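The values are calculated or read from the model by the stated rules, or taken from the named source; none is laboratory data. The model shown is predicted, which means the values in this text are computed figures rather than measured ones. Cβ atoms come from the backbone with ideal geometry, glycine included; neighbour counts cover every protein chain shown. These accessible areas exclude ligands, DNA and RNA; they are computed on the full protein's heavy atoms, side chains included. Shrake-Rupley method; radii C 1.70, N 1.55, O 1.52, S 1.80 Å.
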Amino acid sequence: PLYQRAVSIDEKALGPNHPILATRLNNLAALYFDKSDFGKAEPLYQRALATYEKSIGSEHPDFAKSLNNLAELYRVRGNYAKALPLFQRSIAVSEKTLGPDHSELANTLNNLALLYEAQGARARRIARRLCGSYDLGEDVVQTVFLYLCERRDYFPRPLTRTSPRSRATCCRSPRACC
């Protein structure tokens with residue numbers, strides 16, 4: 001009730017296109033997300049994203065974070081086709097506005113890695129192959145996995161088939177494909 005009240009107050013006091021209102025909408029959506037009430041979270045995340053875009057533009061870290069939040073909701077719900085372009089756009093904006101070593105970028109990369117993992121664990125298979133038969137431990141494989149997800153030249157689009165032809169086009173180095 002308190003988040004809803006804060007949204008109501010901000011809508012009246014600041015208007016419908018203020019970044020503070022977008023933050024409040026995002027917080028309320030996150031509350032519903034944490035309670036797994038995705039039906040209530042989704043329109044709030046969408047509205048927060050639209051409000052950020054109108055108020056601060058699409059090349060801002062808060063807009064990138066909002067993209068990531070909505071993408072993560074889609075990922076958790078299994079809607080990978082909607083999640084992937086949002087994660088990719090969030091990464092592009094975060095890299096441009098925050099730089100390559102920012103924690104918000106790392107968070108989005110992690111979420112994208114989870115999406116790829118859910119799409120058949122292709123990135124993990126590549127990481128394991130690159131790590132070879134060395135006993136490096138799961139944390140090293142995870143690091144390589146995240147690095148591969150950051151390298152979009154390995155993942156230009158989701159791989160939906162496992163035929164030899166699709167494997168050859170999945171990355172620039174067919175040798176690295178599994």
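Net charge near residue 44, counting Lys/Arg +1 and Asp/Glu -1 over other residues with Cβ under 14 Å of its Cβ? Once all neighbours under 14 Å are counted, the net charge is -2. Estimated at the nearest 10 Å², the accessible area of residue 143 is 90 Å² with a 1.4 Å probe.
Take the Cα of residue 58, step 7 Å along the line toward its Cβ, and report every residue of region 80-122 whose backbone nitrogen sits under 12 Å from that point. Within reach of a label on residue 58, which here means backbone N under 12 Å from a point 7 Å along Cα→Cβ, region 80-122 contributes 86, 89-90, 93.
Surface exposure of region 1-116, expressed per residue as accessible area with a 1.4 Å probe, stands at 49 Å². Would you work out if region 1-126 is rounded, prolate or oblate? Take a ≥ b ≥ c from the square roots of the eigenvalues of the alpha-carbon gyration tensor; rounded if a/c is under 1.5, else prolate when a/b is larger than b/c, oblate otherwise. It comes out oblate by the Cα gyration axes.
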